[in-house]
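For reference, the structure is listed below as structure tokens.
The values are calculated or read from the model by the stated rules, or taken from the named source; none is laboratory data. Not measured: the values here are computed from a predicted model. FYI the Cβ positions are ideal-geometry reconstructions off the backbone, even for glycines, and counts take in every protein chain you see. These accessible areas exclude ligands, DNA and RNA; they are computed on the full protein's heavy atoms, side chains included. Shrake-Rupley method; radii C 1.70, N 1.55, O 1.52, S 1.80 Å.
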Amino acid sequence: MTEKTEPADMPSIELRTEALESLLVEAGLVTPEALDGLINRYVADVGPMNGAKVVAKAWTDDAYRRQLLDDGTAAVGELGFAGPQGEHIVVVENTPEIHNVVVCTLCSCYPWPVLGLPPDWYKDPAYRSRMVREPRTLLSEMGLDLDDDVDVRVWDSSAENRYFVLPERPEGTESMSEEELAELVTRDAMVGVAKVTAP
Amino acid sequence: MSLDVLSLGTDGVTAPPRTNGELTFAAPWESRSFAMALALAQQGLFTLDEFRDHLIEAIGRWEDADHGDEPYHYYRQWQEALEAILAAKQTIAESAMRDRIGVLAQRPHGHDH
């Protein structure tokens, strides 16, 4: 019994998650297999590609675009994308005059069903506070320079509303198919920290 | 780590997940913690809104404290929120966590997998 190796004092995070999982399994509340399935689903199946398909469809089908802006949850659900934390999806449209960008100031609310899991920078305290205070500066640091006459609108995601951005369709993509367009759309563009560029 | 708990399959998960070139989970424990919260919410043990409230509290506590050079780690706050909500719901008591951590930590090195 040496005090130096007292394990409960500052247990590693690995030990804490392992302990919790084993207790939950014993209580019959989770199974390791069910957790594996959830992880696989979020890592492999749900990802920015879902959102990219939504954007490409909106670019090529104006009725869908209007529906998407009117009721994001329903329009996204129409393509089969729904799940936890995607219940209230609000889509905001970028135009030559308006640039939208999404943040969650309190935690890291994110439209998982369409964009997958949030990237590290989205969860970063600096991103969360600076995007509200100085969006132009931060966007510029992230590689997106906007003209002074562009109206920058910052949307704070919450439990009620998960925002995602409908980016502008880049010029020179008129002949591209919906599938080809979807490949151009990045997660960053749908959060609003980048634009979609033509190939 | 017991293999049955952390055996994450051969592809998709243990192969580092990437979206737009970025790791989705930096370590297996992050994905376990993430999935536990989701699974319990799906079963109705708590709602995701309730969990979010605990997450906001955990993140707020971190932001209010002085951490020196220690970097912010989102999933640590996630795990803290998960433990807090399970304690509040009297599903998994803090003492049960402490005891189990103690037991797991007693495993001799080299025999902990």
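Could you tell me the relative contact order of region B:30-106? Use alpha-carbon pairs under 8 Å, at least six residues apart, and round to a whole percent. Could the numbers behind the result be given before it?
On the way: 41 pairs, mean separation 25.0, N = 77.
Taking the mean separation of contacting Cα pairs over the length of region B:30-106, I get 33 percent.
Return a whole-number percent for the relative contact order of chain A, with Cα pairs under 8 Å and 6 or more residues apart as the contact set. Intermediate results must be reported in sequence, preceding the final value.
Working: 279 pairs, mean separation 48.9, N = 199.
Relative contact order here is 25 percent.
Out of all DSSP beta bridges in the protein assembly as shown, what portion is antiparallel? Express it as a percent rounded to 5.
Details: 2 of 13 bridges.
Taking every DSSP beta bridge within the protein assembly as shown, about 15 percent pair in antiparallel fashion.
Work out the length of the dipole vector of chain A about its Cα centre, built from +1 on the beta-carbon of each Lys and Arg and -1 on the beta-carbon of each Asp and Glu, and round it to the nearest 20 debye.
Details: 17 positive and 37 negative charges, 49 e Å.
Computed about the Cα centre, the dipole is about 240 debye.
Most mobile of A:64, A:163, A:110 per a Gaussian network model of chain A (Cα springs, under 10 Å)?
Among A:64, A:163, A:110, the largest mean-square fluctuation in the Gaussian network model of chain A belongs to A:64.
Carbon and sulfur together cover what percent of the accessible area of region A:10-123 at a 1.4 Å probe radius? Present the calculation step by step, with values, prior to reporting the outcome.
On the way: 2250 of 4130 Å².
C and S fraction of accessible area: 55 percent.
Would you mind checking the tilt of helix A:48-60 against the longest principal axis of the Cα atoms of chain A, expressed as 0 to 90 degrees and rounded to 10?
Compared with the principal axis, the helix lies near 20 degrees.
First measure r as the distance between the Cβ atoms of residue A:142 and residue B:98, then evaluate 1/(1 + (r/R0)^6) with R0 = 51 Å and state the FRET efficiency to the nearest 0.05.
Details: r = 42 Å, r/R0 = 0.83.
After rounding to 0.05, the efficiency reads 0.75.
Quick one: helix A:13-26 against the long Cα principal axis of chain A, what's the angle to the nearest 10°, folded into 0 to 90?
Result, in degrees: 80.
What FRET efficiency would be calculated for the residue pair residue A:171, residue B:26, taking the C-beta separation as r and a Förster radius of 51 Å, to the nearest 0.05?
Working: r = 38 Å, r/R0 = 0.74.
It comes out at approximately 0.85.
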